[in-house]
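The values are calculated or read from the model by the stated rules, or taken from the named source; none is laboratory data. Only a predicted model underlies this, so the values are computations on that prediction, with no experimental measurement involved. Every residue, glycine as well, gets a Cβ built from its backbone with ideal geometry; the counts of neighbours run over all protein chains shown.
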Amino acid sequence: CCSCLELFFVGEMEQKQAIWCLNPKDQFQEELVIRPLHSGDIYASFQFRTLWDTDFLQEGQKKVSHYRLFPKSLGQVLSKFSVQELHISFTQGFWRTMQWGQPFIPSPPGAELWVWFHDTVSDVDGNWKELTNVLSGIFCASLNFIDMTNTVQPSASFKPLGLGNATDHRFLRYATLPREIVCTENLTPWKKLLPCGSKAGLAVLMKSEKLFHSSFHSQAVHIRPICQDEQCTSKAWELRQTLNVVFDHYTSGQGKKEWSLFKMFSRTLTEACPLASSSKVYVDITDNPELFELSPATPLLSQAVVLGDRRTYSVYDLTRAETFGQLRSFNLLLRWKGDNMLRPLLHAERYVAGFGLQTGEIHTVIYNNHPYRAFPVLLMDSVPWYLQLYIHTLTVTSKSRDNKPSYIHYQPAKDRHRPHLLEMLIQLPPHSMTEVTVQFERALLKWTEYTPDPNHGFYVGSSVVSALVPSMVAMSTNFTQDQPLFSSFVPVKEESSYFVRVYTEPLLVNLPTPDFSMPYNVICLTCTVVAVGYGSFYNLLTRTFQVDEPSPPLAKRLANFIRRIRGVPLLA
Amino acid sequence: MAFSLDTNCGLLNHNIIGPIYCTSTIFPPDILITQFWFNYRHVANTLSVYRSVKRLGIPDSHIVLMLADDMACNYRNPKPATVFSHKNMEFNVYGDDVEVDYRGYEVTVENFLTPRSKRLLSDDRSNILIYLTGQTGNSHGGNGFLKFQDSEEISNMELADAFEQMWQKRRYNELLFIIDTCQGASMYERFYSPNLMALASSQVGEDSLSHQPDLAIGVHLMDKYTFYLLEFLEEVHPASQANMNDLVSVCAHRVSVSPGHHTDLFQRNPGSVLITDFFGSVRKVEITKDTINLTSSVKSGSGDMQIESLTYVDQLPVAEIIHQKPKQKDWHPPDGFILGLWTLILLVFFQTYGIKHLKHIF
């Protein structure tokens, strides 16, 4: 329904908002969740959601041409390439699960893009190539380096997060660029996609100087079709822009375990975005008062079950004027009191073992910290073709015993065409460590295929571990519109477990690098040898010597001339 | 190399169609081609010219910015998301609103001469400003070329040919070429197309010097030539009457090396060419008082909505996955095939040549 009608009926609104209800079918919500972490760091997660009841895939008369809250650049991309779902993320830093717990929206370091195309598309690869080029222009990133050598088609991971019955994995494409740098030039176009831009609402807090001076920064765009209401009879398009950032209390906090909005972002909030139907700030106070104290206190509390745990949140509603107080600005203050340790149920790490530049071994270690429950995880590995995997050396061991995966899908690499894809469904025993090892050999690339700085190394993208982790608290399977955004990202099918995705570290591998000055050396040497050797040889064979007397000086010549006339013998 | 192409709008008044933009465009490509953290100053050079050009009115859609390495979010930068041009971190040229078109490995000679995706749509009324900074061959007999990312190079002849192609295709009206490298003058020696003006920070055989280091960041922040160029441009505003001779003379007497300039190919007198012809742009706006009727938006058909209830897909359907058989795309011959083939060959051989050879095999 029309979001502006609600606002007109709410009598105590002091802000005058003139909103025209031209197209009442879209709405915008924004929220910020602040979660204090046990190590003294602080995790801030922004989510901006635009819901629009329309159909991008229509042609002709009904083609969408009027955009209000939904950005036009993305809408055109969706209709042109018949995209059903699009997930793109840019991350700087690595999420430390052991110290920080689970993020609301996980993402691997670098850039990650996975797309489900509509089942009417005939040439998925062509659409994928063009889509990556267009997105690289929109986000000012080098996504045009995504091509068939680093794109895979997972067979069981990355099921659609939105509505749809697309289970044919032919329409899914996944690629990562672990080397991609994220900086202000990526944040600027991302901010421009928001309805209020960076001028009002929660987006004013996004100043790049503070956001990039952090341990972890991730910005993402997720587009998918979702249910409009509980009965789920009609679809609506949802665009979620998320920004997760973790501020380190040593670098940004100057060593003090005390945080405020001003300290984190160098700004305070002064108003909500006028186009937003809801604008809220949530602070996770489940560990209050043992861990920290929060001011200003608020009577508004809300409970949500997220990531298998029931957490309590203080809610600050920015659409109400009393949140801003006398000074017309809203600033939170959190002060730490104690220390505590955290044990996440599932986390994974990956490293390269071995020595030398010929062979190596990739070890992926997955930890299940649940005391008595076992659960399955789906591990997906995409290794570039220049690391030649020996799959016959693949071993999966848990608690020093062999653990046979119940499903393995392996697609070998083709040199310079496609990477390796390995997907395995492994059952993790309770309270155990599972290790997956596979040996590889490094390939020698052609000399034009090396990057300008080959001694830096080559990146291997993160592995993805998707799991259904048993939950300590019953999850709710009902979808309501009032649910906070951070708990409604992943659709919940059953109450006893929740879906989580964990990314491992990317790997940096050195390939044998040739000496790039060799072509110059070879040319010099060859030319010298040819010039000196062949030249001398040719001279020896073809040069002849003739005696050649020099012509006598003028006086002698004159004398000889006269003597010839006289008939007297000539001079020598 | 920083390529900034600038086209001037205010110069030509004809054909102003819409109320917002005028048709001649300014395209400043700023290009920086060197990598690695110690080449911080090249990024600062390029970004300062980019800022001046944006400040004087040119929109991002008309600027091509190529940076070969990331300095702002480099892990060695003590203040992330900033690039400073003056010591004591006074002036952040990176800002909050920067759009880099080509970065990292995308900065190659090929993308510079024939850009595939983000190209300049200039026409014959466009004025183009090209700003390059980087490293050329050193003074030991390597002048006349410019290094790209330490692995490629572009020679002055290639550059001259590229400009001539642009002239033949009527892609520019006037072109200003600024280069800040060692022996910069060697890069414009071979230009032969008309309406080209070139400025370089040093002559052949001379080195271009960097200006000031910053102890906190640990590297030099700017080159001398661009530093004075930036100082000069900071005083220029969109309606300024400063001309090219001012630009050339400002940089001449303060630096210790002698910058060069090449104006022979330029048809107009440099004294009559305004700085804003290349660095700035003025957009003509037409205000209209007529009302325009908008047709109401087409309502999406509610009749053809699905009646049955839609569901979300199960994220990890374990049973389904275990029973999923991967499709076998490549056909492999059955295992005994090769064995049978060889048996057949042997049989045919012995059939033809007699059984007596068999004892030599066994």
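Below are the figures for this structure:
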quantity	calculated
Complete set of residues in segment A:123-163 that are within 11 Å of chain B (Cβ to nearest Cβ), outside any helix (DSSP H, G or I) and closer than 26 Å to B:TYR102 by Cα	A:CYS140, A:ALA141, A:SER142
Residue count, segment B:142-195 (criterion: within 14 Å of chain A (Cβ to nearest Cβ) and at positive phi)	2
Near pairs, Cβ below 8 angstrom, 6+ apart or cross-chain, from segment A:522-535 (exposed (fewer than 10 other Cβ atoms within 10 Å of the Cβ)) to any residue that is not polar (S, T, N, Q)	none
Failed item in (1) within 14 Å of chain B (Cβ to nearest Cβ); (2) modelled with pLDDT under 95; (3) closer than 23 Å to A:LEU32 by Cα, with A:GLN102 passing the rest	(1)
Matching entry among A:PRO506, A:PRO512 (being out of contact with any helix residue (DSSP H, G or I) (no Cβ under 8 Å at 6 or more places or on another chain), within 22 Å of A:TRP95 (Cα to Cα) and away from chain B (no Cβ under 13 Å))	A:PRO506
Condition met for A:LEU468 (farther than 30 Å from A:ILE223 by Cβ, surrounded by 14 or more Cβ atoms within 10 Å (Cβ to Cβ) and within 31 Å of the chain's Cα centre (by Cα))	no
Check on A:SER214, touching a helix residue (DSSP H, G or I) at 6+ places or on another chain (Cβ under 6 Å), on the phi < 0 side of the Ramachandran plot and within 12 Å of another protein chain (Cβ to nearest Cβ)	no
Number of the exception - A:ARG267 against (1) in a helix (DSSP H, G or I); (2) among the charged types (D, E, K, R); (3) modelled with pLDDT of 80 or more	(1)
Selection status of A:SER406, within 12 Å of another protein chain (Cβ to nearest Cβ) and out of contact with any Asp or Glu (no Cβ under 7 Å at 6 or more places or on another chain)	yes
Segment A:471-501, residues that are more than 13 Å from chain B (Cβ to nearest Cβ) and not in a loop (DSSP other than H, G, I, E, B)	A:LEU485, A:PHE486, A:SER487
Subset of segment B:263-272 that is in contact with a helix residue (DSSP H, G or I) (Cβ under 8 Å, 6 or more places away or on another chain) and touching a residue at least 40 places away in the same chain (Cβ under 8 Å) - its residue that is farthest from B:PHE232 (Cα to Cα)	B:THR263
Segment A:423-453, subset assigned to a loop (DSSP other than H, G, I, E, B) and β-branched (Val, Ile, Thr), residue farthest from the chain's Cα centre (by Cα)	A:THR448
Lone qualifier among B:TYR50, B:TYR94 - being of a type outside the set (Lys, Arg), within 8 Å of chain A (Cβ to nearest Cβ) and either crowded, with 21+ Cβ neighbours inside 10 Å or not in a loop (DSSP other than H, G, I, E, B) (or both)	B:TYR94
Selection count where residues are hydrophobic (A, V, I, L, M, F, W, C), crowded, with 17+ Cβ neighbours inside 10 Å and either without any contact (Cβ under 8 Å) to a residue 40 or more places away in the chain or in the same structural domain as A:SER466 (by the TED database) (or both), scope segment A:268-326	1
Sole residue being within 14 Å of chain B (Cβ to nearest Cβ), over 25 Å from the mean Cα position of the chain (by Cα), more than 25 Å from A:LEU177 (Cα to Cα) and among the β-branched types (Val, Ile, Thr), chosen from A:THR120, A:THR54	A:THR54
Number of the condition not met by B:SER151 [criteria: (1) at pLDDT 75 or above; (2) touching a Pro at 6+ places or on another chain (Cβ under 7 Å)]	(1)
Residue that is nearest to B:VAL219 (Cα to Cα) [pool: residues in segment B:53-91 that are within 13 Å of another protein chain (Cβ to nearest Cβ) and among the β-branched types (Val, Ile, Thr)]	B:VAL83
Within segment A:270-289, tally of residues that are touching a helix residue (DSSP H, G or I) at 6+ places or on another chain (Cβ under 7 Å) and outside any loop (DSSP other than H, G, I, E, B)	1
